[in-house]
Amino acid sequence: MSRGFVLLVDDEENVRESAREWLVLSGFDVVTALNAEAALAGFNARGCDALITDVRMPGMGGLALLAEARRRDPALPVILLTGHGDVPLAVEAMRGGAHDFLEKPYDADHLVAVLDRAVSQRRLNSEVERLRDAVGASASIETRFIGDSGPARALRAQVAQLASLDVDVLIHGETGTGKEVVARALHDFGKRSGSPFVALNCAAIPESVFESEVFGHDRGAFTGAAQKRVGRIEHANGGTVFLDEIESMPLGLQAKLLRVIQEREVEPLGSNRRVPVDVRFVAATKADLRTESDAGRFRADLYFRLATVVVTIPPLRQRRQDVALLFRHFCIEAANRHGVDPREPDAGLLAALEDADWPGNVRELRAAAERFALGLPLDRGSAVAGQANQPSLAERVATYEARLIAQMLAETGGNTQEASRLLGVPLRTLNEKIQRHGLRPSRS
């Protein structure tokens with residue numbers, strides 16, 4: 001993948017070509033122009049990641065080009081190349097929107113580093129805008145389930161189909177896979193979206209108050225029941241009841257829930273009246289309810305009643321190609337939430353993320369992305385923690401390049417002309433690299 005598409009403008013041919021050659025070798029796609037007028041004639045802001053321009057050129061100068069380029073595309077990073085006397089002018093230009101400036105003669109590696117930051121900012125800004133457009137557009141299932149993998153697409157299609165059908169659903173998935181996200185999507189994209197969505201965590205409600213909380217009670221039903229209470233199921237009338245971790249529900253209460261699901265009526269505690277309810281039940285579990293029912297830990301009749309339609313959410317390790325996309329998305333979310341500049345993960349970190357097992361699935365990945373966005377180290381126990389501090393690809397390439405040049409200089413007895421011929425690079429470029437890597441003083 002290209003490190004970025006760069007438009008380079010400089011009226012000095014040797015400077016222009018030297019910079020172009022180095023940037024191409026560094027992995028950028030580069031188009032050059034000898035003046036501002038030529039650059040604007042073929043300017044395509046949509047396909048350009050960064051613009052590099054000299055400040056002083058015949059005709060239209062670099063500052064005028066900066067103003068026009070940013071008029072056409074306000075988010076385009078523009079890097080100015082300045083002579084020593086132009087530095088105050090360049091600083092003023094940065095206040096007007098320039099991304100950075102380099103004083104001639106500049107270090108080629110520093111130019112690459114500046115470009116990497118500019119391209120990362122450009123791409124992250126584009127991603128932020130894309131996500132904002134997605135959120136601001138009409139509701140779409142794609143905004144709930146991000147991913148291009150086959151399992152992600154299949155899940156979106158199944159949820160879209162079931163949302164329009166008024167049937168009860170059982171959602172099965174490991175911890176952190178997004179079971180409540182699926183439940184909310186079934187509600188939000190169905191005909192019940194205008195009515196309440198009531199979520200109940202069956203593991204979090206104490207058994208002593210579960211019946212009163214879920215089914216309601218009349219005044220005087222038990223000590224302390226000073227007034228009538230409408231239960232959570234009745235409160236959801238017309239909408240959806242989400243029963244999370246249903247495998248944790250006590251067996252005695254499972255029988256009462258089964259009757260409510262079958263009859264669509266609730267009987268408040270301490271009352272002889274039955275209250276009709278029009279609700280859709282969506283249950284979620286991380287356990288195998290068939291195994292639990294066979295072992296006597298879950299009522300078989302309730303299992304069969306819930307399992308008419310089952311949605312299985314794939315774990316993150318079965319959709320590894322979505323990891324990088326999700327991580328970037330969560331990074332941008334976290335950066336916006338905390339008011340910090342978005343950070344772009346490098347290729348090494350993304351590869352490590354994709355290789356990790358993620359037992360906590362999307363929830364664990366989101367937490368890792370938030371730590372990364374805040375500049376914090378990843379958890380020590382994380383499979384990718386060690387990778388975050390590994391040398392970047394550019395650093396590894398530079399190390400290899402220095403070692404190769406040093407070896408060639410040793411073989412040629414320090415003859416840079418012969419070394420440049422054997423390495424297949426211009427003598428001037430080789431001398432710049434020798435100086436940059438500190439191998440020995442450059443000899444032009």
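The values are calculated or read from the model by the stated rules, or taken from the named source; none is laboratory data. Because the structure is predicted, anything quoted here is derived from the model rather than measured. With ideal geometry, Cβ positions are generated from the backbone for all residues, glycine too; neighbour counts draw on all protein chains shown. Quick note on the areas: whole protein, heavy atoms, side chains included, nothing else; ligands and nucleic acids left out. Shrake-Rupley method; radii C 1.70, N 1.55, O 1.52, S 1.80 Å.
If we only count helices (runs of 4 or more DSSP H) wholly inside region 170-253, which ones have 2 or more residues that are of a type in the set (Phe, Trp, Tyr)?
Numbers: elements: 179-188, 207-215, 232-235.
The helices (runs of 4 or more DSSP H) meeting that bar are 207-215.
Need pairs with beta-carbon distance below 7 Å; first residue in contact (Cβ under 8 Å) with a residue 60 or more places away in the chain and at negative phi and within region 276-293, second hydroxyl-bearing (Ser, Thr, Tyr) and open to solvent by 10 Å² or more (accessible area, probe 1.4 Å); sequence gap 6+ or separate chains. Taking only residues 6 or more apart or on different chains, the pairs are Lys286/Thr175; Leu289/Tyr303.
Quickly run through region 141-159 and pick out the residues that are among the hydrophobic types (A, V, I, L, M, F, W, C) and surrounded by fewer than 15 Cβ atoms within 10 Å (Cβ to Cβ). Ala154, Ala157, listed by residue number. Only one entry of Ala93, Ala19 meets the criterion of being surrounded by 21 or more Cβ atoms within 10 Å (Cβ to Cβ) and within 26 Å of Glu344 (Cβ to Cβ), and that entry is Ala19.
Under the condition of being at pLDDT below 85 and over 26 Å from Leu124 (Cα atoms), the residues counted in region 60-84 number 3. Checking each residue in region 10-53 for being of a type in the set (A, V, I, L, M) and in contact with a Lys or Arg (Cβ under 8 Å, 6 or more places away or on another chain) picks out Val15, Val30, Leu34, Ala45, Ala50. Of everything in region 161-183, what is open to solvent by 60 Å² or more (accessible area, probe 1.4 Å) and over 20 Å from Glu247 (Cβ atoms)? Give them in sequence order. Gln161, Ser164, Leu165, Asp166 - these are the residues of region 161-183 that are open to solvent by 60 Å² or more (accessible area, probe 1.4 Å) and over 20 Å from Glu247 (Cβ atoms). On the basis of being under 29 Å from Ser193 (Cα atoms) and crowded, with 17+ Cβ neighbours inside 10 Å, does Val230 make the cut? In short, no. Within region 42-59, which residues are open to solvent by 70 Å² or more (accessible area, probe 1.4 Å) and closer than 22 Å to Arg122 by Cα? If the condition is that a residue be open to solvent by 70 Å² or more (accessible area, probe 1.4 Å) and closer than 22 Å to Arg122 by Cα, then Asn44, Arg46 are the ones that fit. A count restricted to region 318-373 and to residues that are within 21 Å of Thr177 (Cβ to Cβ), among the aliphatic types (A, V, I, L, M) and open to solvent by 30 Å² or more (accessible area, probe 1.4 Å) stands at 2.
If you check Ser248 against the conditions, is it within 30 Å of Leu316 (Cα to Cα), touching a residue at least 40 places away in the same chain (Cβ under 8 Å) and open to solvent by less than 70 Å² (accessible area, probe 1.4 Å)? Break it down into steps so the answer makes sense when it comes.
On the way: within 30 Å of Leu316 (Cα to Cα): yes; touching a residue at least 40 places away in the same chain (Cβ under 8 Å): yes; open to solvent by less than 70 Å² (accessible area, probe 1.4 Å): yes.
Criteria met by Ser248.
Could you count how many residues in region 294-330 are hydrophobic (A, V, I, L, M, F, W, C) and modelled with pLDDT under 90? Write out each step before concluding.
Going residue by residue through region 294-330, those that are hydrophobic (A, V, I, L, M, F, W, C) are 295, 298, 300, 302, 304, 306-307, 309-311, 313, 316, 323-327, 330.
From the residues that got through so far, the ones that are modelled with pLDDT under 90 too are 307, 324-325.
Count: 3.
Annotation note: of Leu289, Leu306, Leu316, the sole residue that is within 20 Å of Pro359 (Cβ to Cβ) and not aromatic (Phe, Trp, Tyr) is Leu316.
Total residues in region 279-311 satisfying the condition of being outside any helix (DSSP H, G or I) and either within 16 Å of Leu243 (Cα to Cα) or touching a Ser or Thr at 6+ places or on another chain (Cβ under 7 Å) (or both): the figure is 17.
Among the residues making up region 261-317, those that are out of contact with any Gly (no Cβ under 7 Å at 6 or more places or on another chain), open to solvent by 30 Å² or more (accessible area, probe 1.4 Å) and among the small types (Gly, Ala, Ser) are Ala295, Gly296, Ala300.
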